[in-house]
Amino acid sequence: MNHPSVIAADTANSFDSWAAASQPRRHQGRYRNPVAMHKMGLKKTLGLMLRFLFDKPRNTVPRQPIPVHAITQQQLLAAPDRSLFRLGHSTMLLKLDGSFWLTDPVFSERASPFQWMGPQRFHAPPLGIDELPPIKGVILSHDHYDHLDHAAVLQLAPKVEHFITPLGVGERLIAWGIDAAKVRQLDWWEATHVDGVRLVATPAQHFSGRGLNDRNRTLWASFVIEQRELRIFFSGDSGYFSGFKEIGQKYGPFDLTMVETGAYDPQWPDVHMQPAESLQAHLDLRGKVMLPIHNGTFDLALHAWHDPFDRITELAAERAVALATPPIGQRLDIAQPARGEAWWEAVKQQEGLGSGVPVATLASETRASPV
């Protein structure tokens, strides 16, 4: 894909001259992670597909409703500045300087190219796109279906001023009919400014693609979000890697880190973090408070739906890490985020699962930890 009218970073001070080892590699039109990735091979891939189809654990999907705090546009407009609302999965709504920002907005019923099959939502969003106020910017981390929702992007477009994306993702938006003047594409370590908010695309260890023949044609990224002295980190999707320390050294400390904690499995350790790795990423980033994301909305792995919450809560307590776990739709003060309730425990009790983290789970977590 190549579209000459795509807007890249701001021309003034657009590229951060940070001498980082983490740089994306491109070969024959495809992006690569700086470190070689683990490959499962055909046999393991087929075996995994069979597990998903015929031997998937029953507790990957909650049997009881996930609590959702409904939100109205009036509540959003009246909310204090530096508010955050988790809308589900990796979709966050932030209010900065009176303007609203969305990360990886997914509102469709399924994270799939088809709305009749594929991972289905555990819960409805706390408000619909029609209820959203005008959006200053949408931050997109990569083009996978659970992060880039075609229908949502098209519905959001009339009320969005800017789409901030990694290289190539913006060209997808333009191909879908989004005005190229709204799109800003960034390479890793490039920055752009929008009305007092500075955004930096930072490294992530992942991959991209929406079909059979487009793997890694677009870049993936995490993002630093700065508003005056406030600093927020959004991980997108990533395996654990040294880039978190680089980002922490350059841009930390962070008031809040929104770190992927879910959809992990020993079969794909390079592209999704185990909870102990997510916690270590937060520490590498020099975060003050961690908000675990990428969980509680879609069934994307073989672990129990509540496993990310159980494990990260236990691990954070062990290492005295401040953790924010707001229910879907509940307001969080970004500047002084409270831990919030362990809302998943009530759902587990309704399912007859009890509470706490099994010893076996913690043992397997320790094995996978990079600490």
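The values are calculated or read from the model by the stated rules, or taken from the named source; none is laboratory data. Note that the structure is a prediction, hence the values are computed from the model and not measured. Here the Cβ is made from the backbone with ideal geometry for all residues, glycine too, and neighbour counts use every protein chain on show.
Things worth noting here:
- Single residue of region 325-341 satisfying the filter (of a type outside the set (Val, Ile, Thr) and at pLDDT 95 or above) that is farthest from His123 (Cα to Cα): Asp333
- In region 313-323, the qualifying residues are those that are of a type outside the set (D, E, K, R) and surrounded by fewer than 16 Cβ atoms within 10 Å (Cβ to Cβ), and the one that is nearest to Gln349 (Cα to Cα) is Ala317.
- Selection from region 189-245 of residues that are of a type in the set (D, E, K, R) and either in contact with a His (Cβ under 9 Å, 6 or more places away or on another chain) or part of a loop (DSSP other than H, G, I, E, B) (or both): Asp195, Arg210, Asp214, Arg215, Arg217, Arg228, Glu229, Asp237
- From Pro158, Pro166, residue being crowded, with 23+ Cβ neighbours inside 10 Å and at negative phi: Pro166
- Checklist (1) in a loop (DSSP other than H, G, I, E, B); (2) under 20 Å from Glu190 (Cα atoms); (3) modelled with pLDDT of 60 or more applied to Lys56, failing item: (2)
Each row is one residue, and each column tells you yes or no for (1) closer than 16 Å to Val224 by Cα; (2) part of a loop (DSSP other than H, G, I, E, B); (3) touching a strand residue (DSSP E or B) at 6+ places or on another chain (Cβ under 7 Å); (4) of a type outside the set (Phe, Trp, Tyr).
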| site | (1), (2), (3), (4) |
| --- | --- |
| Met273 | no, yes, yes, yes |
| Leu283 | yes, no, no, yes |
| Leu291 | yes, no, yes, yes |
| Thr297 | no, yes, yes, yes |
| Pro308 | no, no, yes, yes |
| Arg311 | no, no, no, yes |
| Leu315 | no, no, no, yes |
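- Members of region 167-177 that are closer than 15 Å to Asp143 by Cα and assigned to a loop (DSSP other than H, G, I, E, B): Leu167, Gly168, Trp176
- Considering the conditions (1) under 28 Å from Thr72 (Cβ atoms); (2) modelled with pLDDT under 95, Pro266 is excluded by exactly one of them, (1).
- Only residues that are in a loop (DSSP other than H, G, I, E, B), under 14 Å from the mean Cα position of the chain (by Cα) and on the phi < 0 side of the Ramachandran plot were counted in region 246-265, giving 2.
- Taking first residues from region 340-359 that are in a loop (DSSP other than H, G, I, E, B) and among the β-branched types (Val, Ile, Thr) and partners that are modelled with pLDDT of 85 or more and surrounded by 13 or more Cβ atoms within 10 Å (Cβ to Cβ), the Cβ contacts under 8 Å between residues at least 6 apart in sequence or on separate chains come to Val357/Asp310; Val357/Arg311; Val357/Thr313; Val357/Glu314.
- Subset of region 290-305 that is surrounded by fewer than 22 Cβ atoms within 10 Å (Cβ to Cβ) and more than 16 Å from the chain's Cα centre (by Cα) - its residue that is farthest from Leu256 (Cα to Cα): Leu302
- Odd one out for Asp310, checked against (1) at pLDDT 95 or above; (2) surrounded by fewer than 21 Cβ atoms within 10 Å (Cβ to Cβ): (2)
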